[in-house]
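K.L.:
Below is the structure I would like to discuss, written out as structure tokens.
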Amino acid sequence: MGMFLNSNVPYTSYKAVFLNKYFVDKSLLMKDLFPVLGGINKYICITRPRRFGKSVMANMIGAFFGKTQDAYDVFDKLVIAKMKGYEEHLNQHNVIYIDFSRVPENCNTYQNYINRISRGIKEDILQTYSELNIDKNMSIWDILLVVFQKTTHRFVFVMDEWDAVFHMSYISSEEQKEYLLFLKNLLKDQVYVELAYMTGVLPIAKYSSGSELNMFLEYDMATKKKFSEYFGFLDREVDTLYEVYKKETESPEISRGDLRVWYDGYYTAMGERMYNPRSVVCALSDNELADYWTSSGPYDEIFYYVRNNIEEVREDLVLMIAGEGIETEIQNYAAASMNLNTKEEIYSAMLVYGLLTYEERKVFIPNREIMDQFKKLLMSKESFGYVYRLAKESEKMLKATLSSDTKTMTEILKFAHDTESPIFSYNSEIELSAVVNLVYLAARDRYRVEREDKAGEGYVDFIFYPERKGADALILELKIDCSPDEAIQQIKDKNYDFRFRGKLGERKKYTGRVFAVGISYNRKTKEHFCKVEELSGI
């Protein structure tokens, strides 16, 4: 047993996940790996956003194949135990497990970083195969080749976060090239490689434009169907976890719908809905909805991506915050540098990092957890110009609405409309909705805002569900070339307040006031009109 060769770390780490009450069995991934062992397709690279289960799966693979630790106590209870090849491969392989995000103490040079890995692997091999009397001054790949020639032993390489080195500030571009050459020499066309399984956030092409790592088959979330069900939680898996949560939580505070609003919104290449796994598990464990995933990374990076082309993307961001998708061509983020200039480059990068999702050739903001970060961006960066100024007005707009101050509401809408931007010309109700969503942006701190929500006998433009029980709720209907009175009458006639009532008109748990809000725009006179009315009798 060594630090890299046949380490017991993957087994220990995976068993801890297995013992968690919110564990999801993804062990069928192993069934897809059995056929490629030792074959021409033995090089696999999985790219996913942060916190989508890449490390958990890497640990599972290491625990399953590795010889050191008997893993029957875990895998016999999983679905893979029923599959052909289970007995043949469980704990029958030499595994070299490398977590490339780990660094030695006080590491400040590439040489210190790579020496920990190269020397560590060398020492493990020389100790394990001491009877072969291998020259310790040889390279790792030559040592492994000698081992193969004398014993026919092959090795399963499991490499997590292979691209971590590209985010280490003390490593230069030339040293990054040295790293790629290191991986090439270690893995490419080497007969001792039985499987090379590698994970990362960004595609290999982002860093390796040459032939160093072209032996890998890459599988991303947006475009590749194979392996897609093993990373992230599917709808049915979250259903199962939620039943566990309801059964074992003394006072459940989270609804099944809450999980969908906060952590859903991603899609596999097969079109299946996908949840952020870390956030779902944290929310259920804590019995609290929060920004778990975003708090684990530098999410001011949203601005980092858009900063080079704010003028072109800011109106798209307004539409996306309103729930609209933006058509774009995904470039799989294969650019040679981080200088993102075109919208396609920017959105492709944000898709790879999980800040956007992709469906039917459009990018969207996936869920409430990520939406909160976009809201903070628009309200904190003055470089967004008029969008920033309107976002800052949104607190005033909410206060005016709750106090029925239609004069202030109209003034804010006029301020938005007078901005020199095509999106504020109201050529469609979508654009009007986007602008209204922007001027109510601050409301997202206190409300769950649903657009085109099914309510009563139709679809209402917006419902503002208060996060705090007993707070005022808002039902908002938009009209072009009609009066706000007609908008409010539609709310009444179609029973849009149904969500806040019982079957016979009696209140459910909701005890606060419900306001109908009508907002209209006259294209001929270019005037806005607003009306707020408390709905009584509910």
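K.L.:
Tell me whether the range 115-132 contains one or more residues that are open to solvent by 20 Å² or more (accessible area, probe 1.4 Å), under 18 Å from Ala196 (Cβ atoms) and modelled with pLDDT of 95 or more.
P.N.:
Looking through the range 115-132, at least one residue is open to solvent by 20 Å² or more (accessible area, probe 1.4 Å), under 18 Å from Ala196 (Cβ atoms) and modelled with pLDDT of 95 or more.
K.L.:
Please determine whether any residue of the range 223-239 is more than 21 Å from Glu359 (Cα to Cα) and among the basic types (Lys, Arg).
P.N.:
For the range 223-239, residues more than 21 Å from Glu359 (Cα to Cα) and among the basic types (Lys, Arg): absent.
K.L.:
Same structure, new question: How many residues does the range 1-19 contain that are out of contact with any Phe, Trp or Tyr (no Cβ under 7 Å at 6 or more places or on another chain), of a type in the set (A, V, I, L, M) and under 28 Å from Val244 (Cα atoms)?
P.N.:
Matching residues across the range 1-19 total 2.
K.L.:
Could I ask something else about it? Within the group Val36, Val56, Val79, which residue is among the aliphatic types (A, V, I, L, M) and crowded, with 18+ Cβ neighbours inside 10 Å?
P.N.:
Being among the aliphatic types (A, V, I, L, M) and crowded, with 18+ Cβ neighbours inside 10 Å holds for just one of Val36, Val56, Val79, which is Val56.
K.L.:
If you don't mind, there's one more thing I want to ask. If Gly456 meets every condition in (1) open to solvent by less than 30 Å² (accessible area, probe 1.4 Å); (2) at positive phi; (3) modelled with pLDDT of 90 or more apart from one, which number is that one?
P.N.:
The number of the failed condition is (3).
K.L.:
Could you please tell me which pairs satisfy a Cβ distance under 6 Å, a separation of 6+ or placement on different chains, a first residue in the range 376-395 that is more than 13 Å from Glu315 (Cα to Cα), and a second residue that is open to solvent by 60 Å² or more (accessible area, probe 1.4 Å) and not in a helix (DSSP H, G or I)?
P.N.:
So the pair list comes out empty.
K.L.:
Across the range 368-396, which residue is nearest to Ile412 (Cα to Cα) among those that are open to solvent by less than 10 Å² (accessible area, probe 1.4 Å) and modelled with pLDDT of 85 or more?
P.N.:
Checking each candidate, the answer is Ser394.
K.L.:
Please determine, by comparing only the residues of the range 340-362 that are among the β-branched types (Val, Ile, Thr) and more than 13 Å from the chain's Cα centre (by Cα), which one is least open to solvent (accessible area, probe 1.4 Å).
P.N.:
My answer is Ile346.
For (1) of a type in the set (S, T, N, Q); (2) surrounded by 14 or more Cβ atoms within 10 Å (Cβ to Cβ); (3) touching a Ser or Thr at 6+ places or on another chain (Cβ under 9 Å), each residue gets a yes or a no:
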position: Tyr197; (1), (2), (3): no, yes, no
position: Glu218; (1), (2), (3): no, yes, yes
position: Phe227; (1), (2), (3): no, yes, no
position: Asp239; (1), (2), (3): no, no, no
position: Glu250; (1), (2), (3): no, no, no
position: Ser255; (1), (2), (3): yes, no, no
position: Thr268; (1), (2), (3): yes, yes, yes
position: Glu272; (1), (2), (3): no, yes, yes
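K.L.:
Would you call Ala81 farther than 13 Å from Tyr14 by Cβ and touching a Ser or Thr at 6+ places or on another chain (Cβ under 9 Å)?
P.N.:
Yes.
K.L.:
Would you say Asn137 is at positive phi, surrounded by fewer than 15 Cβ atoms within 10 Å (Cβ to Cβ) and either more than 41 Å from the chain's Cα centre (by Cα) or touching a residue at least 60 places away in the same chain (Cβ under 8 Å) (or both)?
P.N.:
no
K.L.:
So, one more: Determine whether Val280 is surrounded by fewer than 19 Cβ atoms within 10 Å (Cβ to Cβ), farther than 24 Å from Tyr440 by Cα and hydrophobic (A, V, I, L, M, F, W, C).
P.N.:
So Val280 does not fit the description; no.
K.L.:
Now, a different point. If you scan the range 166-189, which residues turn out to be within 21 Å of Lys42 (Cβ to Cβ) and among the acidic types (Asp, Glu)?
P.N.:
Across the range 166-189, the qualifying residue is only Asp189.
K.L.:
Related question: So which pairs qualify, if the first residue must be in the range 160-181 and surrounded by fewer than 14 Cβ atoms within 10 Å (Cβ to Cβ) and modelled with pLDDT of 90 or more, the second must be of a type in the set (Phe, Trp, Tyr) and outside any helix (DSSP H, G or I), the Cβ gap must be under 7 Å, and the two must be at least 6 apart or on different chains?
P.N.:
As it stands, the answer is none, since no pair meets every condition given.
K.L.:
Got a number for residues in the range 252-271 being part of a loop (DSSP other than H, G, I, E, B) and more than 16 Å from Lys362 (Cα to Cα)?
P.N.:
Selection size over the range 252-271: 5.
The values are calculated or read from the model by the stated rules, or taken from the named source; none is laboratory data. Note that the structure is a prediction, hence the values are computed from the model and not measured. Methodologically, a virtual Cβ is constructed for each residue, glycine included, from the backbone with ideal geometry; neighbour enumeration extends over all protein chains shown. For accessibility, only protein heavy atoms count, side chains too; no ligands or nucleic acids. Shrake-Rupley method; radii C 1.70, N 1.55, O 1.52, S 1.80 Å.
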